[in-house]
Amino acid sequence: MSLFGILNQGARSMRTATAAVQTSSNNVANANTPGYARQSLGFSAVGTQRRGGLLVGQGVTASQVNSAYDRFSQGAVFGRMSNNGYASSRSASFQTIESYLSEGPDGGLGAELTQFFDLWSAMETDPSAQAPRLAVLGQAEFLSTQFNSSASQLVTQQQNADARVDAAVARANVIGGQVAALNSQIVQLESSGGLANDLRANRTALLEELAAMGPVRVDDNADGSARVLFANHVLVEGAESRALSVVADPITGFNQVHIGQGSTSLNITAALTGGSIGADIDVRDTVVAGLITQLDTLAFEVANQVNALHNAGFGLDGLSGRDFFAPPAALVGAAQALQVDVAVALTPDAIAAASTAAGLPGDNTNATAIAALAGQNLMAGGTQTFERFYSSMTAGLGQDASQAYQLEARTTLELEGAQNLRDSASAVSLEEEAMDLIRFQDAYSASARVVSVTNELLQELLNVVR
């Protein structure tokens, strides 16, 4: 090999070492970038030439920048992210719901309900006195307010969950469009022989965000594009993405998730069994809806049972036929609408403590009958008292919440395990990169020394031939 060949070989080696340092530097810069997979420079021997009967190497060149992306371990991460997104969102919702219905040190709906009937019992001792009558009215107002507040808070939780579904669908559409655009860029770049590693990393980060919203499956195509299924329906195919939309349910008015299908759309709500969207739909349509129904049932029965006895009784004014609570128009919405009837609210004497007009003012038998409602099995098909029904409701909520918290803890561990497995193959190790930088620096320095020595030899040669 001539001195000029050696000089060219050294310069090529310096360029290769520079590219290696640049690749390692890029790894260090993206060590914490979501979706980024460690990159490495491929080295290739340039080949040999015959010189003076010898086969002499011509040095090294950089072939391509490879990515440590592992689609199998990344696929597992997508699945675990969907599970954890569902569990985390559901757990957060249960924390809020429990705060609405918790009794706490200052009491709650259950305590107010017990106190309400206890005050009817206290009226028995002196049914003509104003103090116990005012106490019953005051407690009835507290009880109604507690029903109203609990029901309103649950309805707000439903509305918030519905709004989150709408926002998540809008974000999923943005992600779908961005993934389709990245597919197009990746195909264009890799069709010319390159590797779009950074574009792939950006696409992976977007797909992880999408997976936290709902079930995602990613199929890698030979041309570098990714086929993305969302809730088992194709969302992205090549450079095209299908639009998600929300459509109001004709019965509940809540958002149902649809995906574009030609000139129409397909309802995929039932297929959203994972991710934060699936959790919000479950909380909205099952968890909160069930609690509201139970609360309405309790308020409806309390109002009707008390009214039935109160309507037949007599107040101190000798009148009968008055409701104590405003009669519920229907079971649905009974808790939010519960209030003391206006005919009684401002007139303590209208409280019907007596069973007959003849027994006034000392007759307390109707007050006794109303107080006794607390101990009667009037709920759940005649198997539970009012208090037991509410206790069962809150106990069921507590059990469901505990399971939700356990699911979140378990899916978090599963996600961490999947991420650790993926990272063992593709994550950036700063320690390894530091060692590589030293190695590539030494290679660059050695190559620079080769160039320097060759340059000195050329100078000596020129001095000889002058």
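Quick note: the coordinates plus some simple rules give every number you see, no bench work behind them. These figures come from a predicted structure and were not determined experimentally. Cβ atoms come from the backbone with ideal geometry, glycine included; neighbour counts cover every protein chain shown.
Brief remarks follow.
- Charge dipole (debye, nearest 20) of the chain; +1 at Cβ of Lys and Arg, -1 at Cβ of Asp and Glu: 2760 debye
- For the peptides 240-247, 123-130, the ranking by packing is 240-247, 123-130, with the highest mean count of neighbouring Cβ atoms within 10 Å listed first.
- Segment residue 170-residue 141, length gained on full extension (0.36 nm per residue, minus Cα span): 6.1 nm
- With R₀ set to 22 Å, the beta-carbon distance separating residue 392 from residue 286 gives a calculated FRET efficiency near 0.80.
- Cα centroid separation, the stretch 114-169 to the stretch 320-358: 14 Å.
- Stretched out straight at 0.36 nm per residue, the stretch from residue 437 to residue 412 would grow longer than its current Cα-Cα span by 5.5 nm.
- Kyte-Doolittle mean at least -0.5 and Cα axial length at least 20 Å: DSSP H helices in the chain: 3-29, 71-101, 109-123, 130-190, 197-211, 288-312, 430-465
- For the pair the stretch 18-87 / the stretch 441-456, the C-alpha centres are spaced 26 Å from each other.
- Using 0.36 nm per residue and subtracting the Cα-Cα separation, the extra length available between residue 45 and residue 264 on full extension is 73.1 nm.
- Reported to the nearest whole Å, the Cα centre-to-centre distance from the stretch 393-428 to the stretch 254-304 is 23.
- Net dipole in debye of the stretch 80-131 [+1 Lys, Arg Cβ; -1 Asp, Glu Cβ; about Cα centre; nearest 20]: 640 debye
- Placing pseudo-labels 7 Å out from each Cα toward the beta carbon at residue 114 and residue 191 gives an inter-label distance of 7.4 nm.
- A simple spin-label model places pseudo-atoms 7 Å from Cα toward Cβ; at residue 71 and residue 312 they are separated by 7.6 nm.
- Neighbourhood net charge (9 Å Cβ-Cβ; Lys/Arg +1, Asp/Glu -1) for residue 186: 0
- Zone of residue 425's modelled label, taken as backbone nitrogen in the stretch 218-235 under 14 Å from a point 7 Å along Cα→Cβ: 220
- Among 111, 462, 150 the positive-end extreme of the charge dipole of the chain (Cβ point charges): 462
- Unit charges at the beta carbon, dipole of the chain: most positive-side option, 278, 21, 446: 446
- Theoretical FRET efficiency, 1/(1+(r/R0)^6), r = Cβ-Cβ of residue 31 and residue 245, R0 30 Å, to 0.05: 0.20
- Top positive-direction residue, dipole computed over the chain with Cβ charges, set 252, 174, 100: 174
- Dipole check for the stretch 153-276: with +1 at the C-beta of Lys and Arg, -1 at the C-beta of Asp and Glu, and the Cα centre as origin, the magnitude is about 160 Debye.
- Using the Cβ-Cβ distance between residue 233 and residue 160 with R0 set to 25 Å, the FRET efficiency works out to roughly 0.45.
- 18 Å reach of a label modelled at residue 126, 7 Å along Cα-to-Cβ, counting backbone N of the stretch 337-354: 348-351, 353-354
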